[in-house]
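Engineer: Structure incoming, see below.
What follows is calculated from the coordinates using simple rules that are stated; it is not laboratory data. No experiment lies behind these values; they were computed from the predicted model shown. Neighbour counts are summed over all protein chains in view; Cβ atoms, including those assigned to glycine, are modelled from backbone coordinates with ideal geometry.
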Amino acid sequence: MRAYRAKRRTRMVPAGPARTHIRQLLATGHTWHSIGQAASLNPLTVQAIIEGIPTRGEYPRRNIRHATATAILTIRKDIPLAA
């Protein structure tokens, strides 16, 4: 039973490094949509990391999934993304 629970747990990491990277990408002219597309994520996920989802009354995410952080952090700033 313990092994089953361990498989179902999602590894969470602090959102700070991914949030900083997203802000740097946005400063270079990228959009939530282009970042989401490059990371194979929904643009709302990118928005939720930065500012939360105001329509749901959610604050910016403190922790995100490890896979989400990895996908965002692998986007290079020097390569232009399609808008």
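Engineer: Going by how many other beta carbons lie within 10 Å of each one, how would you line up ILE50, ILE64, ILE79, fewest first?
Structural biologist: ILE79, ILE50, ILE64
Engineer: Less than 11 Å Cβ to Cβ from ALA69, Lys/Arg counted +1 and Asp/Glu -1: what total charge do the surrounding residues give?
Structural biologist: Surrounding charge for ALA69 is +4.
Engineer: Could you line up SER34, SER40 from fewest to most neighbouring Cβ atoms inside 10 Å?
Structural biologist: Fewest-to-most ranking of SER34, SER40: SER40, SER34.
Engineer: If you don't mind, there's one more thing I want to ask. For THR31, what charge total do you get from the other residues with a beta carbon under 15 Å from its beta carbon, if Lys and Arg give +1 and Asp and Glu give -1?
Structural biologist: Overall, the nearby charge balance is +1.
Engineer: Continuing with this model, one more query. How charged is the neighbourhood of LEU44? Take every other residue with its Cβ under 14 Å from the Cβ of LEU44, and add Lys/Arg as +1 and Asp/Glu as -1.
Structural biologist: 0
Engineer: Order of ARG62, ARG19 from fewest to most other C-beta atoms within 10 Å?
Structural biologist: Taking fewest neighbouring Cβ atoms as first place, the list is ARG62, ARG19.
Engineer: Based on the Cβ-Cβ distance of ALA27 and ARG56, what FRET efficiency does E = 1/(1 + (r/R0)^6) give at R0 = 30 Å, to the nearest 0.05?
Structural biologist: In this case the efficiency is close to 0.70.
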